[in-house]
Amino acid sequence: MKVLIATKYGFCFGVEHAIEKARKLLDEKETVYCLGPLIHNSHVVNRLSRAGLRVVDDLSQIDTSTCEQSHSDTPTDRNSSAERVSSTNHVPTVLIRSHGCRPEILEEIKKRGFKLADATCILVKRAQKLVGELYQQGYQVVIVGDPDHPEVQGAVGHAPGKVIVVDGPEDLDKLPSTKGRLAVISQTTNSAEDFGKIVGLIAMRGYEEMKVVNTICRETARRQASAVELCRNVDVMFVLGSHHSANTGELAQLCRRNGVDTYHLQDWQEFKPEYIVGSNTAGVTAGASTPDWIIREFVSNLQKL
Ligand code: SF4
């Protein structure tokens, strides 16, 4: 089978940074807890778990017994460098993934005496900061995105109770009347097409002032543009990545909208020969949390067919 690969695919710098940070902490023998899976890819998450990364849903699940032991060290204990290293390493480190989190979680980490390793992507941080600033400037802040996604929940936390999340046209009734000033931003993984459609629908409601800040991640946009380009030259598309990954799901939807039979698969194990019946050329792309080896394995197996 002829296989073409998108010019831009796979790990983005935000995900690479988060994985590197986790690996470095584990190499340094830190006790590391991650709030939720570090990235939306079970292969990577399982590898990191085997290396010692612990995944918890909230801070109350962190084992604090070793932390208390460290807090109760006497000055004499601290004179011993061997013991100092040992106790420092036993204070749990909480790793914040690239999606970021609500600001009160960062406060709680400090309050509980844990160490903080913040791997929030700089582009997510920018969106979070904008929410706070736009709210302070008197705008009704609107985020176009999935209200259940951790990135959106983290951004909403920068103006709690004041942000309206619009996931689709059905949510437009949540918006205020036509008076007032509206500021609209996007979840970083949205497609420009979807974001633009919602912005257009909001504008049609006749607000006096609307400020739109494009917070779509450039890495996501490049992956989407190159997937759309590839769709023109293939009979079938394979989009690799976790079924929970928002940016991978968005890539698959875009390919479908471009008229190509598209399969969103986690890895080669999910491939079925019937997917390529009648096709001569297949395209492959992958979401921002899909490791390179999954993509290489998939492409090499597909080429053999
Ligand atoms: S997809 Fe974009 S916003 Fe999300 S982690 Fe990667 S670089 Fe950052």
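Among the residues of the stretch 172-212, the ones that are assigned to a loop (DSSP other than H, G, I, E, B) and within 19 Å of the chain's Cα centre (by Cα) come to 5 in all.
For the stretch 276-292, a residue qualifies if it is part of a helix (DSSP H, G or I) and over 20 Å from the mean Cα position of the chain (by Cα), and exactly one does: I276. Answer yes or no as to whether A119 is surrounded by fewer than 20 Cβ atoms within 10 Å (Cβ to Cβ) and among the hydrophobic types (A, V, I, L, M, F, W, C). For A119, the condition - surrounded by fewer than 20 Cβ atoms within 10 Å (Cβ to Cβ) and among the hydrophobic types (A, V, I, L, M, F, W, C) - is not met. In the stretch 1-25, the residues that are within 16 Å of the ligand (Cβ to nearest atom) form Cβ pairs under 6 Å with partners that are part of a loop (DSSP other than H, G, I, E, B) and among the β-branched types (V, I, T), at six or more places apart or across chains, as follows: G10/T290; V15/I39. If you go through the stretch 196-223 and pick out every residue that is within 14 Å of the ligand (Cβ to nearest atom), crowded, with 20+ Cβ neighbours inside 10 Å and not acidic (D, E), you end up with 5.
Being within 16 Å of the ligand (Cβ to nearest atom), among the acidic types (D, E), surrounded by fewer than 20 Cβ atoms within 10 Å (Cβ to Cβ) and within 20 Å of G196 (Cβ to Cβ) is true for just one of D146, D171, D167. Which residue is that? Give the steps one after another, and end with the answer.
Values: D171 fails: within 16 Å of the ligand (Cβ to nearest atom); D167 fails: within 16 Å of the ligand (Cβ to nearest atom).
Being within 16 Å of the ligand (Cβ to nearest atom), among the acidic types (D, E), surrounded by fewer than 20 Cβ atoms within 10 Å (Cβ to Cβ) and within 20 Å of G196 (Cβ to Cβ) holds for just one of D146, D171, D167, which is D146.
If we scan the stretch 35-47, do we find a residue that is within 26 Å of T188 (Cα to Cα), at pLDDT 95 or above and not in a loop (DSSP other than H, G, I, E, B)? No, every residue in the stretch 35-47 fails to be within 26 Å of T188 (Cα to Cα), at pLDDT 95 or above and not in a loop (DSSP other than H, G, I, E, B). From the list L123, L134, pick out the single residue that is more than 16 Å from the ligand (Cβ to nearest atom), in a helix (DSSP H, G or I) and of a type in the set (A, V, I, L, M, F, W, C). Matching residue, one of L123, L134: L134.
On the basis of being out of contact with any strand residue (DSSP E or B) (no Cβ under 7 Å at 6 or more places or on another chain) and either at pLDDT 95 or above or more than 16 Å from the ligand (Cβ to nearest atom) (or both), does P75 make the cut? For P75, the condition - out of contact with any strand residue (DSSP E or B) (no Cβ under 7 Å at 6 or more places or on another chain) and either at pLDDT 95 or above or more than 16 Å from the ligand (Cβ to nearest atom) (or both) - is met.
The values are calculated or read from the model by the stated rules, or taken from the named source; none is laboratory data. Owing to the predicted nature of the structure, the values given are computational and were not obtained by experimental measurement. Positions of Cβ are generated from backbone atoms using ideal geometry, with glycine treated the same way; all protein chains shown enter the neighbour counts.
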